[in-house]
Amino acid sequence: MTVLNVSQKWHLSSVQFLMNCLAICKIKVVLMLVLTAWIGMALAPDMQREWLSQVMSLLGIGLLSASAAAVNHIVDREIDKKMARTRHRPIASAQLSIGSALMFAFFLAILGCAMLVIWSNLLCTLLTLGALVGYAVIYTLFLKRATPQNIVIGGLAGAMPPLLGWVSETGSLSAPPWLLVMIIFTWTPPHFWALAIARKNDYQRANIPMLPVTHGILFTKLCIIAYSILLAIVCLLPYLIGMSGWVYLLCAIALNAMFIAKSVGLYRSQCEQQAMALFRFSISYLLLLFVALFLDKWWL
């Protein structure tokens, strides 16, 4: 009976450890990144690569993204303790040790790099590593704590997956995937500032210079409107250069009209829930926009 109890406790402990490791990977965010990388891969010229190589390349990109997320949890642990939204994260709440998290992040990075070297190419590997360093180190460790423009400058790292997918397929850089990067790069500030408005007190308590904290909520709302208009213009570029067709164009116009309308609605509203509503919509917006790009080329 004692042996059984020990076995059950070990099993529960192992399951909890695995769940904590998965929690610091930001699985939902990583899946979104992998999806945009897949769209970039699908839009690239057909190089007659085997489906296994493509799947393993996407898995490698996903593993490196998960490693970056884990490092983010480690670096931000003291900040996370001060914020209601993040204080229950495994490292902040001491459910997972820093040493274990570091080993897990290192393992994911090594495995992801190996997959990209074997099934993709060296350029894709280097660019993905660069994105990892950009997000986990440059943004998280320095920019986030230094300037209210942190998310604008640091957003480039999170915008890279479509380019990574394209490069994994072609082995070279070209102009079209950079348009996809520009879309995500322009989308990131209004997406994140909406959350920052809703969580202003958290960021203020943690002494993080997010735009609503340093310049006020009204100014941030105006910036969200400006960026939503800029985003609508950037989203026209794939159609204008012949990268996509009228199906994507119609979807982009409809989605951006909704984004601008919700941004203006946020400006006029004093309700915190409007900011969260815009934040949630922006996630669906990006997903639907990239799905429209895919459908435009392959199914319609």
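All of the numbers you see were taken from the coordinates with simple rules; none came from a lab. Here the structure is a predicted model, which is why all the values come from computation and not from measurement. Note that we place each Cβ from the backbone using ideal geometry, even for glycine, and neighbour counts take in every protein chain shown.
Post the alpha-carbon centroid distance, region 278-300 to region 47-106, in whole angstrom.
About 25 Å separates the Cα centre of region 278-300 from the one of region 47-106.
Hey, got the dipole for the chain? About the Cα centre, +1 on K and R Cβ, -1 on D and E Cβ, debye to the nearest 20? All intermediate terms of the calculation are to be shown ahead of the outcome.
Working: 20 positive and 9 negative charges, 215 e Å.
Roughly 1040 debye, rounded to the nearest 20.
Please return the longest range in the chain lying between exposed loop sites, taking trypsin sites (Lys or Arg not before Pro), DSSP loop only, at most 15 other beta-carbon atoms within 10 Å, and leaving the sites out.
On the way: sites that count: Arg85, Arg87.
The longest uninterrupted stretch comes out as 88-300.
Could I have the simple spin-label model distance between Leu126 and Ala261, label points 7 Å from Cα toward Cβ, reported in nm to one decimal?
It works out to 4.7 nm between the two label points.
Convert each backbone phi in region 227-238 into a coupling constant with the Karplus relation 6.51 cos²θ - 1.76 cosθ + 1.60 (shift: θ = phi - 60°), then list the ³J(HN,Hα) values in order as whole Hz, x for Gly and Pro.
6, 5, 5, 4, 4, 4, 5, 4, 5, 6, 4, x
When the Cα centres of region 108-154 and region 218-277 are compared, how far apart do they sit, in Å?
For region 108-154 versus region 218-277, the Cα centre distance is 27 Å.
If I model a spin label as a point 7 Å beyond the Cα along the Cα-Cβ vector, how far apart are those points for Arg87 and Ala254 in nm?
4.3
Taking every alpha carbon pair in region 174-300, what does the distance histogram look like in 10 angstrom bins from 0, in percent?
13, 42, 28, 14, 3
In whole Hz and in residue order, list the ³J(HN,Hα) couplings for region 130-145 that follow from phi through the Karplus curve 6.51 cos²θ - 1.76 cosθ + 1.60, θ = phi - 60°; x for Gly and Pro.
Result, ordered by residue: x, 5, 4, 5, x, 7, 6, 10, 5, 6, 5, 7, 10, 4, 4, 9 Hz.
Within the chain, count lysine pairs with alpha carbon atoms under 17 angstrom apart where the residues are 8 or more positions apart or belong to different chains.
Numbers: Lys81/Lys144; Lys81/Lys200; Lys82/Lys144; Lys82/Lys200; Lys144/Lys200; Lys200/Lys221; Lys221/Lys262.
Taking the chain as the scope, the lysine pair count is 7.
In whole Hz and in residue order, list the ³J(HN,Hα) couplings for region 192-208 that follow from phi through the Karplus curve 6.51 cos²θ - 1.76 cosθ + 1.60, θ = phi - 60°; x for Gly and Pro.
Each residue's phi maps through the Karplus curve to give 7, 5, 4, 5, 5, 5, 5, 10, 4, 4, 4, 5, 5, 5, 8, 6, 9 Hz.
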